[in-house]
1. Only one of (1) near the ligand (Cβ under 10 Å from one of its atoms); (2) surrounded by fewer than 22 Cβ atoms within 10 Å (Cβ to Cβ); (3) closer than 21 Å to residue 118 by Cα is not met by residue 37, so which one is it?
2. Could you list all residues from the range 143-153 that are over 13 Å from the mean Cα position of the chain (by Cα) and in a helix (DSSP H, G or I)?
3. Restricting the search to the range 70-93, which residues are outside any loop (DSSP other than H, G, I, E, B), out of contact with any helix residue (DSSP H, G or I) (no Cβ under 8 Å at 6 or more places or on another chain) and either within 11 Å of residue 8 (Cβ to Cβ) or touching a residue at least 60 places away in the same chain (Cβ under 8 Å) (or both)?
4. Residue 178: part of a helix (DSSP H, G or I) and either modelled with pLDDT under 95 or more than 10 Å from the ligand (Cβ to nearest atom) (or both), yes or no?
5. So, in the range 12-23, of the ones that are surrounded by fewer than 24 Cβ atoms within 10 Å (Cβ to Cβ) and more than 8 Å from the ligand (Cβ to nearest atom), which residue ends up nearest to residue 58 (Cα to Cα)?
6. Listed residues 223, 250; which is more than 24 Å from residue 22 (Cβ to Cβ) and within 17 Å of the chain's Cα centre (by Cα)?
7. Would you say residue 251 is assigned to a loop (DSSP other than H, G, I, E, B), surrounded by fewer than 14 Cβ atoms within 10 Å (Cβ to Cβ) and within 15 Å of the ligand (Cβ to nearest atom)?
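The values are calculated or read from the model by the stated rules, or taken from the named source; none is laboratory data. Not measured: the values here are computed from a predicted model. Here the Cβ is made from the backbone with ideal geometry for all residues, glycine too, and neighbour counts use every protein chain on show.
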Ligand SMILES: NC(=O)c1ccc[n+]([C@@H]2O[C@H](COP(=O)([O-])OP(=O)(O)OC[C@H]3O[C@@H](n4cnc5c(N)ncnc54)[C@H](OP(=O)(O)O)[C@@H]3O)[C@@H](O)[C@H]2O)c1
């Protein structure tokens, strides 16, 4: 593989994905942009190709559509020029769980969970064989915060975080880098798309700042990058507290508080 592998970015027509495209083009990488809005991607592709002299291909795909998703999986599995997957496409939902309904919930999981995991699964065997490659999964701080009123969205992002941490261990030893990025509120269209007013929020990060920080984490080969978190010891402490429980899960008997109550 060349020194600068091509980068496939999902959800590259706007927002965080479009900025990743901008930054990887600046770094001299060829790109494959994936989303549903072809016209927007073509405009971005033309601009980046002219500015940076890189090759930018656009592929229209609805990642909730199994046939479209299969085309992208095949591309990732077979195209040896692609050495980086930015698993960024994602959405949120308006309303509460009671209002959202099974159809919308299922569709959100199709995009945020199923498509992301299937794309990683499609590319991982090739990357592992090659002993190189990177998978960047865009999660969210809401994956840590079920209290914040976005139950299904938050749960999809908890999946992305957990998957990334597991893949980091499984694939890291095969030479493949896996990063989870956890943005907090960032100024993109995701808010309007899910019926929310981003201007009503405090502490919203600009999308360029978010991606530039995430790329610092990428260059440092961090497993988990939380761009807005001022003190990274808080994440380290949280992770350590989780792991401290692990040894205590190995018990042949239920804990006393249950055992005693069941007698
Ligand atoms: N902005 C935030 O505050 C924030 C915070 C934490 C995490 N995130 C995460 O960051 C990622 C990017 O979000 P964003 O804020 O940049 O949102 P955005 O501006 O709404 O962009 C989402 C991107 O995903 C694409 N997409 C949506 N549905 C798709 C589908 N069915 N098939 C293929 N592509 C699809 C959209 O393109 P088309 O419409 O052209 O398909 C668009 O390019 C998401 O995973 C999101 O959950 C965002």
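1. (3)
2. If the condition is that a residue be over 13 Å from the mean Cα position of the chain (by Cα) and in a helix (DSSP H, G or I), then 144, 146, 147, 148, 151, 152 are the ones that fit.
3. The one that is outside any loop (DSSP other than H, G, I, E, B), out of contact with any helix residue (DSSP H, G or I) (no Cβ under 8 Å at 6 or more places or on another chain) and either within 11 Å of residue 8 (Cβ to Cβ) or touching a residue at least 60 places away in the same chain (Cβ under 8 Å) (or both): 75.
4. Working: part of a helix (DSSP H, G or I): no; either modelled with pLDDT under 95 or more than 10 Å from the ligand (Cβ to nearest atom) (or both): yes.
In short, no.
5. Per the criteria, the residue is 22.
6. Of 223, 250, the one residue that is more than 24 Å from residue 22 (Cβ to Cβ) and within 17 Å of the chain's Cα centre (by Cα) is 223.
7. Details: assigned to a loop (DSSP other than H, G, I, E, B): yes; surrounded by fewer than 14 Cβ atoms within 10 Å (Cβ to Cβ): yes; within 15 Å of the ligand (Cβ to nearest atom): no.
When the stated conditions are applied, residue 251 does not pass them.
Residue-by-condition table, conditions (1) away from the ligand (no atom under 11 Å from the Cβ); (2) over 15 Å from the mean Cα position of the chain (by Cα); (3) within 28 Å of residue 66 (Cβ to Cβ):
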| site | (1), (2), (3) |
| --- | --- |
| 110 | no, no, yes |
| 139 | no, no, yes |
| 165 | yes, no, yes |
| 171 | yes, yes, yes |
